[in-house]
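Have a look at the structure below before the remarks.
The values are calculated or read from the model by the stated rules, or taken from the named source; none is laboratory data. Everything numeric in this text was worked out from a predicted model, so none of it was measured. All Cβ positions, glycine included, derive from the backbone under ideal geometry; neighbour counts span all protein chains shown. For the accessible areas, the whole protein counts, side chains as well, though only heavy atoms, and no ligand, DNA or RNA atoms are used. Shrake-Rupley method; radii C 1.70, N 1.55, O 1.52, S 1.80 Å.
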Amino acid sequence: MSADADADGDRAYDHEVVEREWRRRFEESGRYEPDPDEGEDPTFITVPYPYPSGGMHVGHARTYLVPDVYARFERLRGEQVLFPMAWHFTGTPIVGAVERVRKRDPDQIETLTDAFDVPEDDLERLETPEGYARYFAEEADASYRRGMRQLGLSVDWRREFTTSDERYSKFVSWQYRTLRDRGLLEEGLHPVNFCTNERQPVTTHDLLEGEDAEFQEFTLVRFGYADDDAFEDAVLPMATLRPETVRGVTNAYVDPEAEYARATVDGETWLVSAAATEKFELQGRSVEVHERFAGERLVGADVENPVTGDRVVVLPAEFVDAADATGVVMSVPAHSPDDYLALREVTERADDLTAYGIDPQRVQAIEPEPILEIDDYGDVPARDVVEAAGIESSTDPELEAVTQDLYRSEFHRGRLLSAYGEFAGETVADVREQFRDSHRERGHFDRMYEFTEPVVCRCGGDVEVAQQDTWFLRYNDDAWRDLAHEAVDDIDAVPENTREQYHHTVDWLEEWPCIRNYGLGTRLPWDDEFVIEPLSDSTIYMSYYTIAHRIDEVPVEDLDREFFDTLLLGEGEDERAADMREEFEHWYPVDVRFSANDLVNNHLSFFLYHHAELFDRPEWPQGVTVMGMGLKEGEKMSSSKGNVELPGEVVDEYGADTVRFFQLNAGEPWQDFDWRPEAVESTREAVDRFWSRAVDLIDDDGDGDVAVDGDPDRRPIDRWLLSRLQSTVRAVTDALENYETREASQAVFYDFEEQLRWYRRRVDTARPAARRTLREVLRTRLRLLAPFMPFLTNELHERLTGEPAEDAAWPEPDETLVDAAVETEESLVRALTEDVHEVRDVTGTDPEVLRVYVAADWKRKVLATVAEHAPDPDRGAVMGDVMSDADLRERGDAVNDLVSDLVESVRERSPEERERLAAVDETAVYEGAVDFLAREFDADVEVYREDGDPHDPADRAGSARPFRPAVHIE
RNA sequence: GCAGGGAUAGCCAAGUCAGGUCAACGGCGCAGCGUUCAGGGCGCUGUCCCGUAGGGGUCCGCAGGUUCAAAUCCUGCUCCCUGCACCA
């Protein structure tokens with residue numbers, strides 16, 4: 001140290017120096033790299049491997065810190081713990097990001113350089129997916145691996161791998177071949193976003209417009225062309241989201257100006273807009289266009305409703321958008337305000353329709369056709385709402401809201417009329433799908449997909465919904481689903497209310513398309529055009545950790561089905577795999593999976609599904625703990641918004657222990673936590689204070705003299721502190737067993753600090769026995785804090801005792817140090833102190849003398865009588881008993897008042913507490929606190945007994961009650 | 001709409017499952033005092049209203065109810081957040 005360093009230089013906490021030393025020791029010791037031992041039941045914990053589409057920020061950090069705390073806790077308790085880490089390279093976002101880097105997309109470059117401090121020179125390395133992923137996984141300053149090391153995660157780095165490693169791919173291939181053999185994979189068509197310009201599927205990240213657009217499944221009502229001309233027998237499919245309104249169709253509309261086509265679609269003749277023929281082709285239909293013509297050609301035709309057999313006329317309408325859906329629209333004026341207005345308008349100018357060869361009278365005769373009844377509306381709800389809102393035309397801006405309102409009401413409360421047969425009287429919400437399906441089966445309905453709004457690719461091309469050949473995981477398979485439910489029942493779900501969410505998800509999951517067209521990852525074993533997508537290649541990889549550090553011994557080509565059958569199922573003859581199976585059997589199952597709460601309804605449920613199918617029940621996951629997300633000053637942390645904090649930077653600024661402690665203490669794991677610099681700063685100050693006090697204690701007596709059994713110099717207040725320490729040990733242990741990092745860290749750090757504040761106030765802490773007590777306390781607290789602050793606690797513990805905290809054992813509550821009596825007595829002193837403060841403040845008197853009057857014995861007798869009536873004393877009954885005592889009876893009203901008071905106090909206290917109080921010698925307790933009270937109030941302190949002829953100049957003694965002495969200050 | 005979560009004093013936030021010790025932990029901010037220069041740090045005190053004696057009043061999203069007793073239990077309502085599928 002330099003000569004001019006300030007006097008306290010060696011006391012201030014220099015986190016950089018301490019952390020550097022311990023980071024080195026953590027890595028060199030290999031202590032987090034366990035191999036199977038004799039122990040029967042090791043602890044295996046996992047977290048989602050990071051997806052390095054960008055760097056690590058502190059919003060991610062807690063996901064790894066909570067398991068690290070649990071890992072360190074279990075190790076201190078003597079458990080063998082495996083906490084591994086790997087990298088998830090699979091997926092399309094990295095590929096998309098690389099594309100944008102190559103094009104030097106300004107937004108992308110800004111995110112990288114601003115949020116993650118990527119130097120200009122490094123950009124070139126980000127031009128391949130592998131390079132990009134490796135960069136953010138391991139190489140960048142803001143990489144996950146660096147962040148994790150800086151934060152001191154106790155990870156077994158020997159087992160690190162990436163999901164594009166060839167050996168990992170062999171493992172995933174085995175998984176998918178096995179699932180396929182078991183009939184849990186199925187081939188089929190699936191809608192995707194498809195760029196019509198690039199002729200390939202695109203992700204939402206690739207979109208310029210319409211990122212929030214969803215595609216909807218429309219029902220096509222197959223109206224039949226009913227005129228006997230060249231189009232005879234053709235189908236006019238009309239798209240609707242409300243298939244049940246089919247019985248309310250009064251007419252159809254086309255755009256007379258737009259281009260329509262006659263095409264053979266899947267072997268039938270269809271009449272639709274020209275634009276629609278392309279969509280049908282994309283959606284997996286075979287389409288051959290024979291002729292194109294203006295919509296006018298269809299106007300005036302009769303079409304036949306497939307459900308009712310009624311014939312309705314096709315009318316012209318400008319509002320029809322031929323680019324949307326099929327370009328042929330069915331009109332339900334009774335239930336659609338749009339259609340109602342359109343009908344009214346077309347009726348008004350019915351005479352113009354003669355130009356199309358339509359009889360105006362036929363149009364004027366069209367009446368809305370109700371299909372359901374709904375309370376608060378008349379027969380024709382669309383007319384009601386239009387008239388009520390005073391809407392005159394289809395361009396009225398209010399129309400949209402009115403329409404949505406009506407649709408919602410009809411959906412939830414509308415009851416179908418008798419024409420609906422088996423569905424009559426039911427609400428639309430209850431039967432829409434069944435109704436649709438039944439008509440689909442009968443060939444009346446078909447389907448198509450369409451976006452809710454225009455979608456445009458970054459390349460400028462129009463994006464449409466396409467049906468693509470794909471493979472599905474059959475999560476809706478009944479037997480598999482049952483197994484998954486059992487797996488849900490088996491786990492320790494934390495917090496418990498997530499269990500219901502897993503069950504709900506399992507019931508709701510349908511088939512899951514498990515492949516993509518491009519991206520890093522594992523190729524589908526039997527069709528290398530496709531890549532297994534990220535949520536599907538990460539369901540059982542926890543098992544891969546068990547052998548990840550040894551699998552390089554085996555040549556890739558030997559990693560065949562036999563190998564993994566042997567390794568994971570114990571069903572093969574591969575010798576090397578059989579040998580490695582011991583590792584698998586040692587570590588499996590996963591004891592706790594720590595994950596994010598938004599993964600419950602996909603990844604975590606898949607994780608349970610796949611384990612349930614592929615492994616025997618004893619190997620199923622034992623627990624899943626989900627975590628909330630990270631906010632920064634109340635906003636979601638997001639790298640694209642630039643509001644992120646990088647672990648490297650905050651560790652430099654505040655120190656790793658502070659960053660860890662802050663995050664673990666900011667809320668329970670499953671709650672969201674908010675990173676607020678001022679709060680982190682305040683944590684840093686508390687950590688520094690802890691350090692200085694500890695160093696101070698350690699330095700003033702270098703002999704490490706901490707524990708003296710039955711220290712004869714110990715005073716009650718020392719015993720009080722040690723007793724509180726035991727309850728803290730219990731509280732921290734209980735909390736950590738339940739993953740409650742906030743509860744635990746709060747108890748050992750801040751809450752106990754409160755106790756220490758009282759202790760320091762209460763006694764002279766320079767006393768040797770006090771120093772010994774404080775060192776004993778420090779030793780225990782260091783071990784309790786070790787999971788949270790591994791750097792600082794190891795350092796201090798080693799300075800105090802000669803060994804690092806992580807070499808010591810987790811503390812057990814020492815029953816011989818638990819002293820309920822002394823805690824009760826101390827609570828009386830505390831209460832008295834508070835009372836005197838209050839009196840002093842209210843009166844504004846700075847006391848010269850403080851007189852304390854302990855209640856008279858007869859009052860204790862009254863209390864005892866009241867207590868006999870616990871837990872719910874009745875005043876009358878108590879008074880009866882009390883008055884039977886002649887001595888008390890004489891005291892009359894004083895007794896009456898006292899009883900009322902004591903009845904309350906008895907009701908509010910537990911039996912144990914009353915018992916402890918009854919044993920207290922109040923006078924002795926206050927006399928023992930005289931020195932303290934004198935110091936606290938800078939006054940002379942006198943303790944009297946109410947019935948001991950006290951000096952009582954202000955006549956206060958009479959108001960003393962048991963355990964609530966009267967006081968007088970002057 | 002469905003599912004899950006939430007609403008507590010200037011701000012953050014504990015307490016709610018197991019009603020009483022809750023005017024309601026703790027932190028931040030603010031104010032005062034002390035620590036023998038200031039500042040910082042540290043310590044103490046105060047921070048809903050009234051009160052020169054430890055008390056009283058009002059309070060925990062809104063409105064009711066149960067109870068000797070409600071932030072906590074019950075009923076109804078309002079508002080906010082997250083997810084609802086192929087982005088990981």
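A few points about this structure:
- Test: residue in region A:244-254 that is touching a helix residue (DSSP H, G or I) at 6+ places or on another chain (Cβ under 7 Å), closer than 21 Å to A:Asn305 by Cα, open to solvent by 30 Å² or more (accessible area, probe 1.4 Å) and not acidic (Asp, Glu): yes
- Of all residues in region A:582-639, those satisfying the criterion of being within 12 Å of RNA strand B (Cβ to nearest atom), part of a strand (DSSP E or B) and either aromatic (Phe, Trp, Tyr) or in contact with a helix residue (DSSP H, G or I) (Cβ under 6 Å, 6 or more places away or on another chain) (or both) are A:Ser595, A:Val626.
- Among residues that are over 52 Å from the mean Cα position of the chain (by Cα), within 13 Å of RNA strand B (Cβ to nearest atom) and either of a type in the set (Phe, Trp, Tyr) or closer than 18 Å to A:Asp835 by Cα (or both), A:Ala934 is not included.
- Residue check for A:Asp228: among the acidic types (Asp, Glu), away from RNA strand B (no atom under 16 Å from the Cβ) and farther than 30 Å from A:Glu21 by Cα: yes
- Residue satisfying condition, being assigned to a helix (DSSP H, G or I) and in contact with a helix residue (DSSP H, G or I) (Cβ under 8 Å, 6 or more places away or on another chain), within set A:Tyr377, A:Tyr420, A:Tyr407: A:Tyr420
- For region A:622-638, the set of residues classified as surrounded by fewer than 21 Cβ atoms within 10 Å (Cβ to Cβ) and among the polar types (S, T, N, Q) consists of A:Gln622, A:Ser638, listed by residue number.
- Among the residues listed as A:Glu649, A:Glu678, the single one being at pLDDT below 85, acidic (Asp, Glu) and surrounded by fewer than 19 Cβ atoms within 10 Å (Cβ to Cβ): A:Glu678
Let's see how each residue does on (1) surrounded by fewer than 19 Cβ atoms within 10 Å (Cβ to Cβ); (2) over 53 Å from the mean Cα position of the chain (by Cα):
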position: A:Glu278; (1), (2): yes, no
position: A:Val287; (1), (2): no, no
position: A:Arg292; (1), (2): yes, yes
position: A:Glu296; (1), (2): yes, yes
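- For region A:27-58, a residue qualifies if it is part of a helix (DSSP H, G or I) and buried (at least 22 other Cβ atoms within 10 Å of the Cβ), and exactly one does: A:Val58.
- Any pair with Cβ under 7 angstrom, 6 or more apart, that starts in region A:823-843 at a residue that is of a type in the set (Ser, Thr, Tyr) and ends at one that is within 6 Å of RNA strand B (Cβ to nearest atom): none
- Looking across region A:120-142, the residues that are open to solvent by 10 Å² or more (accessible area, probe 1.4 Å) and under 23 Å from A:Ala61 (Cβ atoms) come down to A:Asp122, A:Arg134, A:Glu138, A:Glu139, A:Asp141.
- Taking the criterion of being modelled with pLDDT of 50 or more and open to solvent by 70 Å² or more (accessible area, probe 1.4 Å), the residues of region A:1-24 that qualify are A:Arg11, A:Asp14, A:Glu16, A:Val17, A:Arg20, A:Arg24.
- Positions within region A:90-103 being open to solvent by less than 10 Å² (accessible area, probe 1.4 Å) and more than 9 Å from RNA strand B (Cβ to nearest atom), in sequence order: A:Ala97, A:Val98, A:Val101
- Note on region A:445-545: enclosed strands (runs of 3 or more DSSP E) holding 2 or more residues that are open to solvent by less than 50 Å² (accessible area, probe 1.4 Å), within 10 Å of RNA strand B (Cβ to nearest atom) and at pLDDT 90 or above are A:463-474.
- Considering residues of region A:216-242 that are among the hydrophobic types (A, V, I, L, M, F, W, C) and surrounded by fewer than 16 Cβ atoms within 10 Å (Cβ to Cβ) only, the residue nearest to the chain's Cα centre (by Cα): A:Leu241
- Candidate set from region A:597-621 (those that are at pLDDT 90 or above and acidic (Asp, Glu)); member that is surrounded by the fewest Cβ atoms within 10 Å (Cβ to Cβ): A:Asp616
- Only one entry of A:Thr816, A:Thr780, A:Thr728, A:Thr733 meets the criterion of being open to solvent by 60 Å² or more (accessible area, probe 1.4 Å), in a helix (DSSP H, G or I), modelled with pLDDT of 90 or more and not charged (D, E, K, R), and that entry is A:Thr816.
- Qualifying residue in region A:914-928 (condition: in the same structural domain as A:Arg840 (by TED's automatic domain parsing), under 15 Å from A:Lys861 (Cβ atoms) and not in a helix (DSSP H, G or I)): no
- Qualifying residues in region A:549-559 (those that are crowded, with 17+ Cβ neighbours inside 10 Å and under 14 Å from A:Lys170 (Cβ atoms)) - the one farthest from RNA strand B (Cβ to nearest atom): A:Val554
- The listed residue being without any contact (Cβ under 8 Å) to a residue 60 or more places away in the chain and at positive phi, out of A:Asp228, A:Asp233: A:Asp233
- Flag for A:Asp872 being within 10 Å of RNA strand B (Cβ to nearest atom) and either polar (S, T, N, Q) or not assigned by TED's automatic domain parsing to the domain that holds A:Arg724 (or both): yes
- Test: residue in region A:853-863 that is in contact with a strand residue (DSSP E or B) (Cβ under 6 Å, 6 or more places away or on another chain), buried (at least 17 other Cβ atoms within 10 Å of the Cβ) and not small (Gly, Ala, Ser): yes
- Among the candidates A:Phe280, A:Phe293, residue that is of a type in the set (A, V, I, L, M, F, W, C) and not in a helix (DSSP H, G or I): A:Phe293
Okay, residues lined up against (1) out of contact with any Pro (no Cβ under 7 Å at 6 or more places or on another chain); (2) near RNA strand B (Cβ under 10 Å from one of its atoms):
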site: A:Leu832; (1), (2): no, yes
site: A:Asp841; (1), (2): yes, yes
site: A:Asp846; (1), (2): yes, no
site: A:Val862; (1), (2): yes, no
site: A:Glu868; (1), (2): yes, no
site: A:Ala877; (1), (2): yes, no
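- Subset of region A:378-398 [within 21 Å of A:Thr245 (Cβ to Cβ) and modelled with pLDDT under 80]: A:Ser394
- Condition check for A:Thr354: at pLDDT 85 or above, loosely packed, with under 13 Cβ neighbours inside 10 Å and in the same structural domain as A:Tyr253 (by TED's automatic domain parsing): yes
- Residues within region A:646-695 that are more than 10 Å from RNA strand B (Cβ to nearest atom) and outside any helix (DSSP H, G or I), tallied: 4
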